[in-house]
Structures are given as structure tokens and as C-alpha cells.
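Written below as C-alpha cells is the structure these notes are about.
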Amino acid sequence: MKKNIAILGSTGSIGTQTLDVVRAFPHKFQVSVLTASNRADDLIKQALEFQPKIVVIISESAYSQVKEALAHTDIQVWAGEQALVEAVELEEIDVVLNAIVGSAGLRPTVRAIQSGKDIALANKETLVVSGELIMNLVKQHNVKMLPVDSEHSAIFQCLVGEPSPIEKIYLTASGGPFRGWSREQLAHVTKAEALKHPNWTMGAKITIDSASLMNKGLEVIEAKWLFDLSLNQIDVIVHPQSIIHSIVQFEDGSMKAQMGLPDMKLPIQYALTYPERYANNFKRFDFLDYSQLTFEKPDLHTFRNLQLAYDALAEGGNRCCVLNAANEIAVAAFLEDKVSFLGMSSILEETLCHIENKNNLSLEDYIAYDRESRIVAQDLINKIKHN
Ligand code: NAD
Ligand code: MG
């Protein structure tokens, strides 16, 4: 029996690599749903190759182009945010791989869980915004939450067959393109410099998050909810070669690490084949190519976003949701040269100050805080522009 997959965000970096994995195992996987924000040409090409039941294009203005291009096929073409949420309910879907960027991935994740689908989660923002609520839904609906993020896949792989509790985990971080830089040096970095990641090729938002260490902050929050840890059980260690993808330490002091070349196809494939492993011909790691694997302490003074993430997680309530939304706006503004690299952290801090913390939130509350935080962060950015 083939596994039926819905790929949300199929035109992005993770989405296209997921399709590479599907292409490599045509007898194992069937694509049921493909979705994209606005890249109609790419979505059409993917649809013609993979013949899903449904494609969803979020941008309503691109709908007619996709509809026309697929008119001679049996593929249904849907448009808009609500269609995205409904598409994940399709009966035949076994697993929803969520590769959407940002909190836009939240509602489709929730609906997929409620429809009894297993989730392969790349969209870490889902867990950052409302991790507790999501993991409760996962338990309630008895579905699997399979991490795609490489660090979390590493932890997940280290835990297979381990009934014993975790003492702590080490999330590894490459340190990004500005590792070792001072705040003075960071004051004038350009988006072109920030977009050059040393080890990974990824979408623009996560690449900027990696340069600012926000990505590691989001991953600390993601790990907390995925593995039910307390804050002091999660350490970040900078490992510039990105070969050790993360480490679990057990209560007897034993540590397990998962290693390999940095290639997202591996954690994507594992999320889709778990608990099995399928043979592939991805390039293998050669120890002799790496004379040293090195480790450093993260610089929380220079890269304030990581500290902000730890603080938000410690405070709880709406803090991580607000932090994430402000960050999405700040990164978009940085990519449009409207805020400086270091200015992004100030936007996050000020947005958090503007919005009061509240606890015991429903999904709709989180969505409302997400929306409000975006407006506040955008106002702050507009003010910088006018000064
Ligand atoms: P990307 O920007 O390359 O792709 C994003 C995809 O989401 C695109 O298909 C786009 O059409 C779609 N999308 C964008 N906005 C949308 C919206 N509002 N509604 C619906 N769809 C929308 O991003 P990416 O690098 O593939 O990252 C996707 C997710 O995976 C992010 O959460 C990221 O943090 C996570 N992730 C990525 C990598 C990586 O190597 N790229 C690694 C680990 C985790
Ligand atoms: Mg990661």
C-alpha cells in the first residue's frame, strides 16, 4: 500500500525536497494534495508530474491560471486560505507534511490533526505559537507528530527504542554566517550577507532566522513541546560543521548523537518512512573530509533573539506567539531593507512590551494575538521609516 501524502508549501525549499524524496520512491508514496502560496507556474508543473487529487493556491488571483493549466486533467483546483484548511481533510491522506513558512501553517496543522492525519512537521512556527495546545490535540486524536526539522529529527531518532527518560538534550546550531561577529560588526550587515548560510540552502525567512539565531530560539521552543521537556533540559551548542544534528543525554550520563551530512532530504525521508528506513543513494559522510568537529558556546549577548526565545518560553502564555509574529514581520522588513539586522531584536522586544501577557488561551486567542502582534510590529517598523 502506498502512503498518501499531502504536501503543504510544496513549492518551497522543504516542499521541493519532499517531492525529490517522493520521486525516489514511486512505489511507496502517492501525492494527494499540493499547496502553494502564489507560485502558480511551479505548482502547475508539480501537479502535472505528481497527479494529486487536489491542488490549492492561496493567492486567489493566481487561481484562473492554475485552473486553466490543469483543465484537461482530473485534478481539482482550489483557492484561498479556507480551501487549504479543508484540503487536509481528504479521506485518503495518511500524512500531512507541513512545509509552510510561518504561523500560516497553524490552522492547517490543527485541522489535519483533528481529521486523524499523522503530521510530518517542518513548520516549526506551529509549535512556537501554540505548542501545548497542539501536543494536547495530538494526544487526543492519537496521531503521530513526526519532526522534519533536522535537530528534532535527530532527537527523535536517538529516542527510538528508549523507554527511559531524557536527562537533557543538546540542540546543535551552525552559528550561521555571522558566528563570532561582534554587535559593532553586525550593525551594518546587508540582507545579501545574511542570506548566505554556510551549510544549508533554505527559504529566505529561515535563513535570516539562522543568521540571527532566532531559528535556534524557535527550535528550543519546538523541542520543549515535541519532547515534553523543561527549559533547563534544553541546551544549545554551536557546532559549525553541522554534522552532529543533535544529542540526547540520558540519566545514566550516556549520550546519543545523530550524525550525517547536512541534507534535509534525510529527515524528510525519515518522517515519511518512520519507523522504517529506506535505502537511498544520498551522499555519505566521510570522516576524512572533516578533520575536526568543533563546539562553542552560543553568544547570547550578541544574538539577543535566542535569549528572547528562552525568556518567552519561561514566561509562557502568549509570549512565544507574540515573539514569533513580531519576528515574521521583522524578518520581512529586513528583507525589504526597512529595518537593520540588529533592529530586528528591538522590534521583537518592543512588540512584547506593547502586548500584555495572558494565559489559558484557545486556538482563536492565539490567532488573535498573532494578528495583533503583526500590527504592532508593523507600526513600529513604519515609525522607524519615518524618522
Ligand atoms: P520556503 O519559503 O522555501 O517555502 C514556503 C512554502 O510555504 C512555499 O511553498 C510557499 O508557497 C508556502 N507559503 C508561504 N506563505 C504561505 C501562506 N501564508 N499560506 C500558505 N502557504 C504559504 O520555506 P522553507 O525554507 O521550505 O521552510 C518551510 C518551513 O520549514 C519553515 O517553517 C521552516 O522553518 C521549516 N524548516 C525549513 C528548513 C529548510 O531547510 N528549508 C529546515 C528546517 C525547517
Ligand atoms: Mg533546524
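The values are calculated or read from the model by the stated rules, or taken from the named source; none is laboratory data. Because the structure is predicted, anything quoted here is derived from the model rather than measured. Heads up, the Cβs are rebuilt from the backbone with ideal geometry, glycines too, and the neighbour counts pull from every protein chain shown. These area figures cover heavy atoms from the full protein model, side chains too; ligands, DNA and RNA do not enter into them. Shrake-Rupley method; radii C 1.70, N 1.55, O 1.52, S 1.80 Å.
Computed on the Cα atoms alone, the convex hull of segment 44-152 gives a volume of 102 cubic angstrom per residue. For Lys144, the residues whose modelled amide H falls within less than 5 Å of its own, excluding neighbours fewer than 5 places apart on the same chain, are Asp118, Ile119. Per residue, segment 110-235 exposes an accessible area of 37 Å² to a 1.4 Å probe, with every protein chain left in place. Set the bar at 21 Å for Cα to Cα. Now go through Lys139/Lys216; Lys205/Lys338; Lys3/Lys283 and name every pair that lies beyond it. With Cα atoms farther than 21 Å apart: Lys139/Lys216; Lys3/Lys283. On a per residue basis, segment 268-387 carries 54 Å² of accessible surface, using protein heavy atoms and a 1.4 Å probe. Here the chain is treated as an ellipsoid with the same Cα gyration tensor; its semi-axes, largest first and in whole Å, are 30, 27, 21.
The C-alpha atoms of segment 81-238 occupy a region whose extents along the principal axes are 53, 41, 22 Å, arranged from largest to smallest. Summarising the strand pairing of the chain, around 25 percent of its internal DSSP beta bridges are antiparallel. Hydrodynamic estimate: the Kirkwood radius of segment 186-336 over Cα pairs, inserted into Stokes-Einstein at 10 °C and 1.306 mPa s, corresponds to D of 91 µm²/s. Name the lysines eligible as straight-distance cross-link partners of Lys67: C-alpha to C-alpha under 20 Å, and not fewer than 8 places from it in the same chain. Hits, sequence-local ones excluded: Lys45, Lys53.
Where the alpha-carbon atoms of segment 109-188 are placed on the principal axes, they occupy 50, 31, 17 Å, in descending order. The order of Arg374, Arg39, Arg319, Arg179 by accessible area, most exposed first and with a 1.4 Å probe, is Arg39, Arg179, Arg374, Arg319. In terms of the mean number of neighbouring beta-carbon atoms within 10 Å, the peptides 66-75, 356-365, 44-53 order highest first as 44-53, 66-75, 356-365.
Return the carbon/sulfur percentage of the accessible area of the chain, one whole number, probe 1.4 Å, all protein chains in place. Write out the running numbers ahead of the final one.
Values: 8510 of 17210 Å².
C and S fraction of accessible area: 49 percent.
Dipole of segment 19-110 computed with +1 at Lys/Arg Cβ and -1 at Asp/Glu Cβ about the Cα centre; of Val101, Val33, Gln65, farthest Cα towards the positive end is Val101. Rolling a 1.4 Å probe over the protein chains gives Met255 an accessible area of about 100 Å².
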